[in-house]
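Before any comments, here is the structure.
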Amino acid sequence: MATFPSIEASFGFTKKSQPNTRIVKFADGYEHRILFGLASHQNPEVYDLTWQNITETESDVIEAFLRTNANNSTSFTYSPPSEGFTKTGTYSQSATTVTITITDHGVAVNDVLTIDYTSGSATDGSFVVASVTDRNVFTVVAAASATNSGNVSITLPAARKYVCDNWSKQINFANRATINASFREVFEP
């Protein structure tokens, strides 16, 4: 899979979300909302990005990349600006439940985190957020039962898979260009 060229988008981008839910409305006003598909794939994001006043060479690289992926009908890996993070805190494990405490953690149920247990004897790895107690506490499920505690570092990676449905290029100055593109998140194996 291709990775988008390392040319930073300008700030002022738009991020849109539209969760995939099915809604059943009953005559008495009751409404039932149902997840459609895998829980981790319920909220594909769309980024409207701009690369403003980049060099003509950089714009050619971006255009060639987007054209190649469109022609091949393939997705690509991209890390949106200011997305993803690494934070530190503490954890305690009882049986297979690991409770992690980090001030303003910013994670949601079904986020996939890379967890580094920096003290204690818990095993590092990738974990899915099982529950969110509040803005400072969440849980994950360990592969093996244990009792321990210590410090932890979590990383929510920014890189995900996208396709570009449309883009445009403006050339307002000699050797300078602006590219506008819309990246839609896709879920593939």
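For segment 1-35, the set of residues classified as outside any strand (DSSP E or B), surrounded by 11 or more Cβ atoms within 10 Å (Cβ to Cβ) and free of Cβ contacts under 8 Å to residues at least 60 places away in the same chain consists of I7, N20, listed by residue number. Among the residues of segment 44-89, write down those that are over 30 Å from S126 (Cα atoms) and open to solvent by 60 Å² or more (accessible area, probe 1.4 Å). Selection gives Q52, N53, T57, E58, D60, V61, R67, T68, N71, N72.
Of the residues making up segment 120-128, not a single one is outside any strand (DSSP E or B), in contact with a helix residue (DSSP H, G or I) (Cβ under 9 Å, 6 or more places away or on another chain) and surrounded by fewer than 15 Cβ atoms within 10 Å (Cβ to Cβ).
Kindly indicate the residue of segment 106-119 that is touching a residue at least 40 places away in the same chain (Cβ under 8 Å) and part of a loop (DSSP other than H, G, I, E, B) and also most open to solvent (accessible area, probe 1.4 Å) among those meeting that condition. Here the answer is V109.
Quick grid of which residues meet (1) among the polar types (S, T, N, Q); (2) in a loop (DSSP other than H, G, I, E, B); (3) touching a residue at least 40 places away in the same chain (Cβ under 8 Å):
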{"position": "R67", "(1), (2), (3)": "no, no, no"}
{"position": "T77", "(1), (2), (3)": "yes, no, yes"}
{"position": "P81", "(1), (2), (3)": "no, yes, yes"}
{"position": "Q93", "(1), (2), (3)": "yes, no, yes"}
{"position": "T103", "(1), (2), (3)": "yes, yes, no"}
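Checking each residue in segment 69-107 for being farther than 13 Å from I154 by Cα and under 21 Å from the mean Cα position of the chain (by Cα) picks out N69, T74, S75, F76, T77, Y78, S79, P80, P81, S82, E83.
A quick yes/no check of all residues on (1) assigned to a loop (DSSP other than H, G, I, E, B); (2) basic (K, R); (3) touching a residue at least 24 places away in the same chain (Cβ under 8 Å); (4) closer than 22 Å to A9 by Cα:
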position	(1), (2), (3), (4)
S131	no, no, no, no
A143	no, no, yes, no
S153	no, no, yes, no
D165	no, no, no, yes
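Scanning segment 150-189 for residues that are among the small types (G, A, S), at pLDDT below 95 and open to solvent by 30 Å² or more (accessible area, probe 1.4 Å) turns up A159, A174.
Being modelled with pLDDT of 95 or more, out of contact with any Asp or Glu (no Cβ under 8 Å at 6 or more places or on another chain) and under 20 Å from F13 (Cα atoms) is the requirement here; does T99 meet it? No: the conditions fail for T99. Which is part of a loop (DSSP other than H, G, I, E, B), within 26 Å of T74 (Cα to Cα) and touching an Asp or Glu at 6+ places or on another chain (Cβ under 7 Å), of A177, A158? Testing whether each residue is part of a loop (DSSP other than H, G, I, E, B), within 26 Å of T74 (Cα to Cα) and touching an Asp or Glu at 6+ places or on another chain (Cβ under 7 Å) leaves just A158.
The values are calculated or read from the model by the stated rules, or taken from the named source; none is laboratory data. What you see is a predicted model; the values in this text were computed from it and never measured. Glycine gets a Cβ as well: all are built from the backbone with ideal geometry, and neighbour counts include every protein chain shown. For the accessible areas, the whole protein counts, side chains as well, though only heavy atoms, and no ligand, DNA or RNA atoms are used. Shrake-Rupley method; radii C 1.70, N 1.55, O 1.52, S 1.80 Å.
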